[in-house]
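The values are calculated or read from the model by the stated rules, or taken from the named source; none is laboratory data. Bear in mind the structure is a predicted one, so any value in this text is a computation, not a measurement. Cβ atoms come from the backbone with ideal geometry, glycine included; neighbour counts cover every protein chain shown.
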Amino acid sequence: MTGNALVLAIKSGGHNWSPARWKQRFSTACHNRKVVVLPDETCPPDEVSYAAVWKPAPGILGTFPNLRVIFNLGAGVDALMADPTLPRVPVVRVVVDDLTARMTEYVVLHVLLHHRRQLQLLKDQRDRLWQPQHQWAAGALTVGIMGLGNLGRDAAQVLKRLGFRIAGWGATPKSIDGITCFAGSDGLGPFLRKTNILVCLLPLTSDTRHILNRSLFAQLDRTSPLGAPVLINAGRGGLQVEADVLSCLEDGTLGAATLDVFETEPLPAQSPLWSAPNLVITPHNAADTDPDAISAYIAAQIDRFEAGEPLQNLVDVTRGY
Ligand code: NDP
Ligand code: OXD
């Protein structure tokens, strides 16, 4: 089919972002459609109807006069929102069970790692020390989840099932069974004062940039058996003030942390975070976007759109997520 092409614009890097791999999956999922990978391949700009992108070069999407929909190949759209030339067409983000389940695995893994004092046990093993650690029940801790969206809610439900007390914070008020919900700037302080393990699954927007800072960490509860609170950030690096995370780990304001995301990725070799005490670093690997699941999701959305049905999981560009 001509005049209805799909372009793929992907900032390659890392195992999962090989443009050739994505082209192969999209060519199968969108079998009757021309699929063109930018910038290596070309296509008359007016033939392009759809774009599926991950951190595309700013300005590139504005070169297609007949673009109808932009599909972001991930859940977070901050890279797209930062492009002032982004065409005014609907932007759809990823909401698929595959990605949600991967993030929930990550959150549960790291909550349990800190709750069960696994960093200390691993250190003891390296030192050949048989040193049982005091263990408490999951119900002795409150996990506070910033961002009660698609990912935050799912992680909350599984952690709840494990016995943790769950608090959650979002932009708008919610009532979710088994979760003590807080909202907005008025709700932030009460939410933090309940929280022992803080999990951040917020999108990066102008409202949330650098929200994870010393003054916020100082409000977390320190009276649980865990003592000093723990931070887990799998949202975006721009949510955290990295110098504050480092100094709060050093002075005990935070007892431990896990970071999957950083202001600069890959995290530079000279970053002091690499040797911060009690910090677990993962390379933006919490929830990979699976090419099979996502190409099928986008092909189905295009079919819906062309059948006159509404697109799902649209981004509100004024909110930025
Ligand atoms: P959603 O859009 O479904 O949820 C976002 C949540 O954040 C909502 O609950 C929203 O509140 C809340 N929120 C947004 N702005 C504010 C604010 N100013 N104050 C309080 N709450 C706010 O997103 P997802 O759950 O799908 O994804 C969350 C983020 O996770 C992505 O944006 C991305 O950055 C990150 N991510 C990271 C991955 C990784 O591998 N590390 C993988 C996938 C995603 P409300 O519900 O009231 O609107
Ligand atoms: C996403 C990500 O936003 O992988 O989906 O970071």
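Among the residues of segment 269-288, write down those that are of a type outside the set (G, A, S) and closer than 18 Å to A234 by Cα.
Within segment 269-288, L273, W274, N278, L279, V280, I281, T282, P283, H284, N285, D288 qualify.
Where in segment 43-136 are there helices (runs of 4 or more DSSP H), lying wholly inside it, with at least 1 residues that are more than 12 Å from ligand 1 (Cβ to nearest atom)?
Output list reads 97-115, 118-126.
Please indicate, with yes or no, whether at least one residue in segment 69-76 is polar (S, T, N, Q), touching a strand residue (DSSP E or B) at 6+ places or on another chain (Cβ under 7 Å) and under 30 Å from T208 (Cα atoms).
Yes, some residue in segment 69-76 is polar (S, T, N, Q), touching a strand residue (DSSP E or B) at 6+ places or on another chain (Cβ under 7 Å) and under 30 Å from T208 (Cα atoms).
Give me the pairs: first residue in segment 169-197 and not assigned by TED's automatic domain parsing to the domain that holds A137, second residue outside any strand (DSSP E or B) and crowded, with 16+ Cβ neighbours inside 10 Å, beta-carbon distance under 7 Å, and six or more apart or on different chains, which are they?
That search, which allows pairs on different chains as well, returns nothing.
Would you point out the residue of segment 141-153, among those that are in contact with a Leu (Cβ under 8 Å, 6 or more places away or on another chain) and assigned to a helix (DSSP H, G or I), that is nearest to R93 (Cα to Cα)?
The selected residue is L151.
Looking at V230, V199, which is the one that is within 18 Å of A256 (Cα to Cα), surrounded by 23 or more Cβ atoms within 10 Å (Cβ to Cβ) and within 12 Å of ligand 1 (Cβ to nearest atom)?
V199
Might you check whether a residue that is touching a Leu at 6+ places or on another chain (Cβ under 9 Å) and in the same structural domain as S206 (by TED's automatic domain parsing) occurs anywhere in segment 120-131?
Within segment 120-131, one or more residues are touching a Leu at 6+ places or on another chain (Cβ under 9 Å) and in the same structural domain as S206 (by TED's automatic domain parsing).
Would you pick out the residues in segment 71-120 that are surrounded by 20 or more Cβ atoms within 10 Å (Cβ to Cβ), more than 15 Å from the chain's Cα centre (by Cα) and polar (S, T, N, Q)?
none
How many residues are surrounded by 21 or more Cβ atoms within 10 Å (Cβ to Cβ) and either outside any strand (DSSP E or B) or of a type in the set (S, T, Y) (or both) when one looks only at segment 154-189?
4
Could you list, ordered by first residue, the pairs with Cβ atoms under 6 Å in which the first is in segment 231-247 and assigned by TED's automatic domain parsing to the domain that holds V111 and the second is among the basic types (K, R), at least 6 apart or interchain?
As it stands, the answer is G238/R209; D244/R214, since those pairs meet every condition given.
Hey, among the residues in segment 243-288 that are within 16 Å of ligand 1 (Cβ to nearest atom), surrounded by fewer than 21 Cβ atoms within 10 Å (Cβ to Cβ) and β-branched (V, I, T), which one's farthest from N16 (Cα to Cα)?
Step by step, filter segment 243-288, then rank; the result is V280.
Got a number for residues in segment 198-212 being part of a strand (DSSP E or B) and either within 16 Å of ligand 2 (Cβ to nearest atom) or outside the structural domain of R102 (by TED's automatic domain parsing) (or both)?
2
Can you run down the residue pairs with Cβ atoms below 6 Å, 6 or more apart or on separate chains, where the first is in segment 73-99 and touching a residue at least 40 places away in the same chain (Cβ under 8 Å) and the partner is of a type in the set (S, T, Y)?
L73/T289; G74/T289; V96/Y297
Suppose we filter R21, R33, R25 for residues that are under 17 Å from S295 (Cα atoms), more than 16 Å from ligand 1 (Cβ to nearest atom), of a type outside the set (F, W, Y) and assigned to a loop (DSSP other than H, G, I, E, B); which single one remains?
R33
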